[in-house]
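Engineer: Okay, handing you the structure first.
The values are calculated or read from the model by the stated rules, or taken from the named source; none is laboratory data. This one's a predicted model, so the numbers in the text were calculated from it and none came from an experiment. Ideal geometry is used to build each Cβ from the backbone, glycine not excepted, and the neighbour counts take in all protein chains shown. Ligands, DNA and RNA are excluded from the accessible area calculation, which covers all protein heavy atoms including side chains. Shrake-Rupley method; radii C 1.70, N 1.55, O 1.52, S 1.80 Å.
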Amino acid sequence: MRTLSLIWQYFVQYSKVRLAYRGDFLTSVITTMFGAVAGIAAVYLIFHRAPLIHGWSFDEILFLYGFGLLPLSLFNLLSINLYFFSEVYIVQGKFDRVLLRPVHTLVQILFEQFRIEALGDTALGLAVLWATAPKVGIALDLRFWLLAIVFTVLGATLYLAIFLSLTAVSFWMEDRVGIIPPIYNMMAFGRYPLDIYGTPIKLMLSWVIPFGFAGFYPVAYLLGKEGMLLFAWLLPVVTACFLALAVLVWNRGVRNYSSTGS
Amino acid sequence: MPPVVEVENLVKDFRTFDRREGVWGAIQDLYSRRYRNFRAVDNVSFSIGQGEMVGYIGPNGAGKSTSIKMLTGILVPSSGRIAANGFSPWRERTRYARTIGVVFGQRTQLWWDIGVVESFRLLQKIYEIPQAEYEHRLSKFDEVLELKRYLHTPVRKLSLGERMRCDVAAALLHNPPLLFLDEPTIGLDIVAKESIRTFLKEVNRENGTTMLLTTHDLSDIEELCHRLMIIDHGRVLYDGGLPELKRMLWEESTLKVDLRDRDQAAQLAVFSMEGVGVERVDELSYRLRFRREEVQPAELIRRIVNEVQVLDLTMEEQPIEEVVRRIYTGEALHDDAHGTPENARP
């Protein structure tokens, strides 16, 4: 409870910061929206000619894309500090201050800053869902929204867990190679029907870096695709495993920081 | 009363490796590294009682920051024991963090883009300070620090002096019984320094807050601290009061004598035979140099007043900077670095 109210307080304060720079904020909102619309346009251009791709209609792909925006935008809302973590917290030494506060380090890192513009993607995702649901035969009833919320939270948590583990690596070494950007780009792969990829990529998106669980599998289940019930049930399991791994790696990283001071 | 901070045989080793030059060197570094151990803090022990204000000084790279980081729970010691406020700082870091305040002169803990008061409000949430207590403390702080004038200004627009006042206030909002200050007056003008010192003294007097501060400005120590610890190469060289330190290191004292008239010079010259150096400053004033272990100042002054007609006598104090410079450059104290120096606390 206390943590929740603290997170809310962080959110309110951070919103004030962003609104203090109105021009900057508006530009950012517009570019984010533009990016999302361009994404949908790309889906349209690539897929609208083909009637069925591996059993998926164009509307279903669009629905998948729209639904995928929900966990993605929630993740984007919270992940902003992870991008600058190595630079700001480790290199500039801001992590010292994090360690001096009586709040878990992860809470501080995840909730001290927000990418508020990401909420624009949430709105766009909802609009796409609303527009495509009738065409793919999905009723937007209470059951749907409850499942949507569960899938969104689990999906976003899974994204966060994966990137937290990767970010925690900077406790041991500077990421000069840059493993995070390519993996960030891979997130998009999980938001199309996995059947369009070859087996290696499909296996990787399911079991190695399971972005498929944050986008593809839950939607395939919602659309009533065959054999997807199992995968829908696996989502909380996979998320829990990756979250446990992330917290473990993170805590070890903090301990390493505490013994080396760098 | 048990001590607030107790440190026993504290050691911190860092492992570094020499990076080889060039691309080929970087590749070699990947599979074989020449590691070196660097001991930043070397077997330090001390204890601090409730309400003490202790200065922790030493040249750059002496191990001050490393010590502070271990005391605040940021760094884990390589060996040794710390108990502070009844906690082991790094083992019980989060619970311990509630009971301490930390000020870094070089880095603000406030949020850069929002008004100061918003940062305070966040801290209020973080430390769960009741509203009434929070308001009471803020208006109390305002009396000395005059915070109200810039409470709504974003931190990035504050001058360094204003920012430091806010930072010190921020560290004390939750009324911690123990406060660490790492160079709190660095880069400040004299007015800001005074204001912060006055504030710290008042907090210490009213709440009995224990404080440990590092500084390069020795007037901080003179004004605030009854006790100072000098650390160099990771070792405590001195732990005791400032006057005792001065007495210990002033090997030579000087006494300035102003004569009533020229004829008294001959009378004064007599003293040069008794282990006192007599130096002429101008026609009527002379400077006498002597070693305290050979000549007692009181005795010397009594005899001069009896035998010579003088207008004025002044004992000239050696500035503390000079004392400390001699320690840092290794002219003093370093010989008995392992043992406890004379005059030091038990």
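Engineer: Averaging the inverse of every distinct alpha carbon separation and then flipping it gives the Kirkwood radius. What is it for the protein assembly as shown, in angstrom units? List each step's numbers first, then the result.
Structural biologist: Numbers: mean 1/r = 0.0344 Å⁻¹.
Computed over the protein assembly as shown, the radius equals 29.1 Å.
Engineer: Students often check this: by mean Cβ neighbours within 10 Å, which of B:157-170, A:192-205, B:227-240, A:124-137 ranks highest, and how do the rest follow?
Structural biologist: Values: B:157-170: 20.1, A:192-205: 15.2, B:227-240: 22.0, A:124-137: 16.8.
By packing density, highest mean first, the sequence is B:227-240, B:157-170, A:124-137, A:192-205.
Engineer: Further question on the same structure: Show me the three semi-axes of the equivalent ellipsoid for segment B:252-317, from the C-alpha gyration tensor (sqrt of 5 times each eigenvalue), largest first, rounded to whole Å. All intermediate terms of the calculation are to be shown ahead of the outcome.
Structural biologist: Details: eigenvalues 60, 28, 24 Å².
Each semi-axis is √(5λ); the values are 17, 12, 11 Å.
Engineer: Take the Cα gyration tensor of chain B, multiply each eigenvalue by 5, square-root it, and list the three semi-axes largest first, rounded to whole angstrom.
Structural biologist: Numbers: eigenvalues 401, 169, 77 Å².
In descending order, the three semi-axes are 45, 29, 20 Å.
Engineer: Normalising by the residue count of chain A, find the relative contact order in percent from Cα pairs under 8 Å and 6+ residues apart. Before the final figure, lay out each step's value.
Structural biologist: Working: 271 pairs, mean separation 63.2, N = 262.
Averaging sequence separation for qualifying contacts and normalising by length gives 24 percent for chain A.
Engineer: How large is the Rg to Rh ratio of chain A when both quantities use alpha carbon positions and Rh follows Kirkwood? It would help to have the intermediate numbers written out before the result.
Structural biologist: Numbers: Rg = 19.2 Å, Rh = 19.6 Å.
We get a ratio of 0.98 for chain A.
Engineer: Based on the mean of other Cβ atoms within 10 Å per residue, sort peptides B:207-217, A:99-109, A:23-33 so the most packed one is first. Provide the component values of the computation, followed by the final result.
Structural biologist: On the way: B:207-217: 20.3, A:99-109: 18.5, A:23-33: 13.5.
Final packing ranking: B:207-217, A:99-109, A:23-33.
Engineer: Now, a different point. Which Cα, out of B:SER65, B:SER285, A:THR122, lies furthest along the positive dipole direction of the protein assembly as shown (beta carbon charges, K/R +1, D/E -1)?
Structural biologist: In the protein assembly as shown, that residue is A:THR122.
Engineer: Carbon and sulfur together cover what percent of the accessible area of chain B at a 1.4 Å probe radius? If you can, show how the numbers build up before the last one.
Structural biologist: On the way: 7960 of 16880 Å².
Result for chain B: 47 percent of the exposed heavy-atom area is carbon or sulfur.
Engineer: Can I ask one more? Whole number in Å², please: accessible area per residue of segment B:40-189, 1.4 Å probe, ligands, DNA and RNA not counted.
Structural biologist: Spelled out: the 1.4 Å probe surface of segment B:40-189, per residue, equals 37 Å².
Engineer: How many partner chain Cβ atoms sit within 10 Å of a residue's Cβ in peptide B:121-129, on average, as a whole number? Please list the in-between numbers first.
Structural biologist: On the way: counts 3, 7, 1, 1, 9, 8, 3, 4, 0.
Other-chain Cβ atoms within 10 Å of each residue's Cβ, averaged: 4.
Engineer: Treating each Cα of segment A:148-192 as an identical point scatterer and ignoring solvent, apply the Debye formula and state log10 I(q)/I(0) at q = 0.21, 0.23, 0.26, 0.32 Å⁻¹.
Structural biologist: Treating every Cα as an identical point scatterer, log10 I(q)/I(0) equals -0.77, -0.86, -0.98, -1.15.
Engineer: Can you pull the mean other chain C-beta count within 10 Å for peptide B:69-76? Walk me through the numbers on the way to the answer.
Structural biologist: Numbers: counts 5, 2, 0, 3, 3, 10, 7, 7.
Mean partner-chain Cβ count within 10 Å for B:69-76: 5.
Engineer: Add +1 for every Lys or Arg and -1 for every Asp or Glu among the other residues with Cβ under 12 Å from the Cβ of B:TYR328, and state the total.
Structural biologist: Numbers: positive: B:ARG325, B:ARG326; negative: B:ASP232, B:GLU321, B:GLU322, B:GLU331.
Cβ neighbours under 12 Å give a net charge of -2.
Engineer: Okay, moving on. Projecting each Cα onto the charge dipole of chain B (Lys/Arg +1, Asp/Glu -1 at the beta carbon, about the Cα centre), which of B:VAL323, B:ILE114, B:PHE141 comes out farthest on the positive side?
Structural biologist: B:ILE114
Engineer: Among the listed pairs B:LYS12/B:LYS246; B:LYS148/B:LYS193; B:LYS157/B:LYS193; B:LYS193/B:LYS246; A:LYS202/A:LYS225; B:LYS140/B:LYS193, give every one whose C-alpha distance is greater than 22 Å. Write out the running numbers ahead of the final one.
Structural biologist: Numbers: B:LYS12/B:LYS246 30 Å; B:LYS148/B:LYS193 18 Å; B:LYS157/B:LYS193 19 Å; B:LYS193/B:LYS246 24 Å; A:LYS202/A:LYS225 17 Å; B:LYS140/B:LYS193 19 Å.
B:LYS12/B:LYS246; B:LYS193/B:LYS246, as the Cα separations exceed 22 Å there.
Engineer: Around B:LEU268, under 15 Å between beta carbons, what's the net of Lys plus Arg minus Asp minus Glu among the other residues?
Structural biologist: On the way: positive: B:LYS256, B:ARG260, B:ARG262, B:ARG280, B:ARG287, B:ARG289, B:ARG302, B:ARG303; negative: B:ASP258, B:ASP261, B:ASP263, B:GLU274, B:GLU279, B:ASP282, B:GLU283, B:GLU307, B:ASP312.
Result for the neighbourhood of B:LEU268: -1.
Engineer: Over segment B:252-317, what is the relative contact order in whole percent, taking alpha-carbon pairs under 8 Å and six or more residues apart? Intermediate values should be presented prior to the final figure.
Structural biologist: Numbers: 99 pairs, mean separation 33.9, N = 66.
This gives 51 percent for segment B:252-317.
Engineer: Which whole number gives the average count of other chain Cβ atoms within 10 Å of the Cβ atoms across peptide A:100-106?
Structural biologist: Numbers: counts 14, 9, 12, 5, 1, 2, 0.
Mean inter-chain Cβ contacts per residue within 10 Å come to 6.
Engineer: Here is a further query. Determine the relative contact order of chain B: mean sequence separation of Cα pairs under 8 Å and six or more apart, normalised by residue count, in whole percent. Let's see the in-between values first.
Structural biologist: On the way: 583 pairs, mean separation 62.3, N = 346.
Over chain B, the number comes to 18 percent.
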